[in-house]
Every structure is written in structure tokens, then in C-alpha cells.
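First comes the structure, then the notes that go with it.
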Amino acid sequence: MFGSKIDLFNKEWLDVVFAKKNKNYGAYELRQTSAKNTSKSLFIASAIFILLFLAPKIYALIAGILPEPPKEKVVEMVMQPPPPINPEVKTPPPVEPPPPKQDQIKFPPPIVKPDNEVRDEEPPKTEDLKKADPGQKTMEGDPDADIVQIATAGEGPKQAAVVEDNTVYNFVSMENPPTYPGGIDKFYKFLGDNIKYPPMAQDQNIQGNVHVSFTVEKDGSLTDIRVERKLGYGTDEEAVRVLKLAKRWNPGMQNGKPVRVKYNIPIKFSLAQ
């Protein structure tokens with residue numbers, strides 16, 4: 001027995017070592033699966049190593065299949081040299097402006113200088129300025145000279161065209177929303193006095209509110225009368241008819257100007273009990 005080769009990893013040795021012992025202990029299970037776990041780990045490690053080793057070649061193969069991006073086209077620009085200076089062309093001398101219509105007396109601007117650089121140059125007196133205007137130098141005026149306009153004459157600012165504001169505002173966000181002459185209570189009284197209950201709605205005992213919207217124009221008239229939530233059986237048409245009979249409202253004011261305002265009201269239809 002001692003001369004034969006002993007395989008310590010054979011599972012029969014595990015039964016000998018753990019004979020009459022608790023085989024539920026973790027070491028028994030680990031020793032049984034040790035060879036299997038070792039082979040699995042070796043296979044995974046080999047696969048990762050081969051993949052990392054072949055990664056550059058796989059990338060080069062894929063890069064060779066994909067089309068190359070187009071190369072940027074470089075255009076060489078040749079700048080033209082400036083034209084040579086013509087020595088015969090001379091700069092014209094500055095033109096002396098014509099004399100002014102009124103005499104001018106040199107009035108040097110005040111400049112702060114040291115005492116040794118101060119010249120004995122007295123400013124013009126008040127009596128001299130009564131007869132002549134102050135200027136950069138002393139010049140005799142020419143009463144018959146024309147007025148010289150240095151700057152180019154322009155057309156000047158023109159009055160901008162008045163743009164009429166036709167925006168339809170919401171009465172909730174108005175500075176001064178439109179009002180009915182005498183107040184909203186008088187407006188509802190006008191509706192109650194002029195509404196005629198439709199016979200079809202009266203026969204079917206139809207009661208409720210018809211929600212309508214309209215636009216109060218700048219002159220107070222009501223336009224764009226629409227039924228937003230209908231009640232039916234002729235009540236919607238009756239609500240529109242009565243609104244067309246209403247007198248002009250006081251228009252809504254925004255920034256001190258009359259504007260168009262959208263208004264929403266419910267008109268109630270109820271049968272007297």
C-alpha cells in the first residue's frame with residue numbers, strides 16, 4: 001500500500017477523513033467541489049486572458065471594415081499684395097474754412113500747467129465777448145458770408161406710424177376692465193327683463209346656466225358673441241339674441257387707451273315656482 005501512488009484528492013480519502021464526523025460541516029462540501037471549482041476558475045481566467053490578448057487584433061479588424069471618414073479639404077489662399085504707393089499722388093493740403101459771419105476772439109481752454117510753463121496770455125474780457133464769439137483763434141467775421149454747414153444734412157427723425165393695438169385682453173388682468181353703464185347688477189336686470197323663455201325648454205322643464213363670451217370693443221359695442229357651454233332647447237340662441245340688444249359698455253382701458261376685452265358671463269334660465 002505504501003509503495004503505491006496515493007491520490008490525496010480522491011473523494012475516497014474524504015470519506016476516511018470525515019468518517020464518524022458531521023459531514024454537514026462546510027469543509028466537507030468545499031473539499032468535494034474543490035476540483036470542479038478549480039477547473040471552472042481556470043477556464044474563466046484563460047478565456048479572459050485570451051480575450052484581452054486578441055482585443056487589439058479584433059479592434060484592428062473591425063476598424064478595417066468600417067469606412068474611413070472623409071479627409072478635410074485644405075484650400076490654400078493666396079493674399080494679393082497691396083498696390084505700390086504712387087509718389088506722384090500727393091495728399092491735398094487742409095482747406096481753410098471760410099470766415100464766420102461774426103468776429104471771433106481766441107478763448108483758450110483752461111489747462112493746469114506748472115508755473116514755469118505759464119504764458120502771459122490773458123483771456124478775453126467780458127466787453128470783448130459782447131461784440132464777438134469765443135473761438136479757437138481770433139478771426140474777423142464776414143457779415144455777408146453764407147452759413148457753412150459742416151455735417152451732412154439729414155432728413156431728421158420722422159414720426160413713426162401709429163400702430164393700432166387690436167389685442168384682445170382678458171378682463172381679469174386689466175387695469176380698468178370694461179363696465180356696463182350703471183354696474184353689472186343693472187346689466188343682469190336688463191337680461192332678466194328681456195329674456196323670453198323658449199317654449200321647448202319650458203315644456204321640458206330645462207333650467208340652468210348658458211355660459212357665453214363676447215368682446216367689448218373700443219367703442220363699447222359687443223362683438224364675437226359665442227356660447228361656451230350650451231344648455232340647449234333654444235336657450236343658447238335666446239342668450240345670444242338678448243346680448244345683441246344690450247347697449248354699449250364703457251370700454252376697458254389699458255395704459256390710458258381703450259382696448260378690446262374678452263368677457264365671460266353665465267346667463268341663468270330658471271322657471272318661476
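Each value in this text was obtained by applying a stated rule to the coordinates, not by laboratory testing. Since this is a predicted model, take the numbers as computed values, not measurements. Using ideal geometry, Cβ is built from the backbone for each residue, glycine included, and neighbour counts are taken over all protein chains shown.
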| remark: In the stretch 229-248, anything under 21 Å from T179 (Cβ atoms), touching a residue at least 24 places away in the same chain (Cβ under 8 Å) and either touching a Lys or Arg at 6+ places or on another chain (Cβ under 9 Å) or not in a loop (DSSP other than H, G, I, E, B) (or both) is listed as A239, V242, L243
| request: May I ask you to say which residue of S213, S221 is small (G, A, S), more than 18 Å from M253 (Cβ to Cβ) and either surrounded by 12 or more Cβ atoms within 10 Å (Cβ to Cβ) or free of Cβ contacts under 8 Å to residues at least 24 places away in the same chain (or both)? | output: S213
| remark: V261 passes all but one of the listed conditions (1) outside any strand (DSSP E or B); (2) closer than 30 Å to V163 by Cα; the exception is number (1)
| request: Go through the stretch 249-263 and give me each residue that's surrounded by 12 or more Cβ atoms within 10 Å (Cβ to Cβ) and free of Cβ contacts under 8 Å to residues at least 60 places away in the same chain. | output: P258
